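The block underneath contains the structure these notes are about, expressed in structure tokens.
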Amino acid sequence: MKNAGVNDVGGVSPALVSICVCTYRRPHVLARLLDRLTEVEREAEGLAEIAIVIVDDDIARSAESVAAQAAHRFTRGLRYHCSASGNISLARNAALDLGSETSDWLALTDDDCMPDARWLNELITVQRRYGADLVTGSCTDVLAPAAPSWLRHEPFLEPATDAIDGTETEMGYIKNALVAVEVIRRHELRFDPAFGGTGGEDAMFFYTAHERGVHHRHAARALVSEEVPLERCSLRYQLRRRFWYGNTEALTSLTHGRTSRHRMAARGAKLAVRGVLRPIARCARGRTPQLRFSASMVLQGLGRTLGATGITIDHR
């Protein structure tokens, strides 16, 4: 694997990195991300030379003008591609292919994410320290000020990863990842189109990488935040999200042979029962019952159980 070259003065030469972003009908959000990526490039000067790859899955090419306006900002340019597939796995695979043509490393994030300005620095630092093939960082959810208070007080949001820097890991966030192009090619790492509508394509990618011996480390200080839009702050959305998440857990685990249908169904039933009993236990300790989150646990358990029977829930 090509980690880095050596320059004339004996130092490590900059990594050639393509930052790959898949987008779908969010041009204003994408524009904000591209503004941040100019800061990421500035912070990474001397450590990385950056190209940008934008894969637009909108047949109307809603991201094209935003990409064109930002192209001049990046040292190694910006490449725009319209996939218009309606399948996030195919869009992600297009990004892998396009980024691999000109770079040794791919940094992956999503259009609705906001990396810290030193995000790429931290990913590369951990990669070089441990000789990793794949590095992933932490992601946190950020709520708009108008979001309902119950969403802040009940544990619906993605918790911050508490793993220390350099920890070997199996799972990560595809919206916060650095992966070697040579490793993608050698291990034929792809996103499974069968999960491009249901979700779970990211989990399948990491499961496959782990099974094929890819050296994966965690970068604790490589931070990405994801803003939760107001339309996703409703109870209806949050309950459906948990239901879908449980279903996806089951489908990805079963596809990779990580558990049996009976065990997954039992795990689903156990979680649903815990959700039913949770308000009682909390009230007994003098706490608020958190009925909304308890209901989400029941639905997540139901999603697992349905997935164990082969029923698929489309997340769109």
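Summary table below
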item	result
Length added when fully stretched, Y237-R261, from 0.36 nm per residue minus Cα-Cα	5.9 nm
Relative intensity, log₁₀ I(q)/I(0), of the chain from a Debye sum that treats every alpha carbon as a point, q = 0.08, 0.15 Å⁻¹	-0.39, -1.29
Sites T309 and Q69 - FRET efficiency at Förster radius 30 Å, r taken between beta-carbons, to 0.05	0.05
Antiparallel content of DSSP bridges confined to the range 42-199, in %, to 5	60 percent
Unit charges at the beta carbon, dipole of the range 223-278: most positive-side option, A250, V276, V228	V276
Span per principal axis, largest first, for the Cα atoms of the range 104-232 (Å)	47, 34, 22
Rounded to 5, the percent of DSSP beta bridges in the chain classed as antiparallel	30 percent
Net charge dipole size for the chain [Lys, Arg +1 and Asp, Glu -1 on Cβ; Debye, nearest 20]	1680 debye
Rounded accessible area of K270 (nearest 10 Å², 1.4 Å probe)	140 Å²
Model label zone, R185; criterion: amide N under 12 Å from point 7 Å along Cα-to-beta-carbon; scope the range 131-150	none
Gyration tensor over alpha-carbon atoms, the range 165-227, equivalent ellipsoid semi-axes in Å	19, 17, 10
Solvent-accessible area of M204 with every protein chain in place, 1.4 Å probe, in Å² to the nearest 10	10 Å²
R212, R278, R76, ranked by accessible area, largest first (probe 1.4 Å)	R212, R76, R278
Spin-label proximity, E211 to the range 217-260 - amide N less than 18 Å from point 7 Å beyond Cα toward beta carbon	248-260
In Å², nearest 10: area of Y245 left accessible to a 1.4 Å probe	110 Å²
C-alpha long axis of helix 119-130 to longest principal axis of the chain, angle in °	80 degrees
Antiparallel bridges, percent of DSSP beta bridges restricted to the range 1-124 (to nearest 5)	5 percent
Sulfur and carbon atoms: percent of accessible area, the chain [1.4 Å]	53 percent
Other-chain or far-sequence residues with amide H under 5 Å of A84's (modelled H)	D57, D58
Placed amide H near H215: partners under 5 Å, 5+ positions off or other chain	D133, L134
Inter-label distance for D97 and R76, nm, one decimal - labels placed 7 Å from Cα along Cα-to-Cβ	2.0 nm
Where the Cα pairs of the range 28-156 fall when distances are cut into 10 Å bins, in %	11, 37, 34, 16, 2
FRET efficiency, 1/(1 + (r/R0)^6) with R0 30 Å, evaluated for C283 and R25 via beta carbons	0.10
Probe 1.4 Å, protein heavy atoms only - accessible area per residue of the chain in square angstrom	47 Å²
The chain - mean residue ellipticity at 222 nm from DSSP helices (-39,500 (n - 2.57) per run, n ≥ 4, rounded to 500)	-13500 deg cm²/dmol
By accessible area with a 1.4 Å probe, ligands and nucleic acids excluded, highest first: order of R217, R285	R285, R217
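The values are calculated or read from the model by the stated rules, or taken from the named source; none is laboratory data. All values derive from a computational prediction rather than experimental measurement. Neighbour counts run over all protein chains shown; Cβ positions are idealised from the backbone, glycine included. The area values use the complete protein model at the heavy-atom level, side chains included, leaving out ligands, DNA and RNA. Shrake-Rupley method; radii C 1.70, N 1.55, O 1.52, S 1.80 Å.
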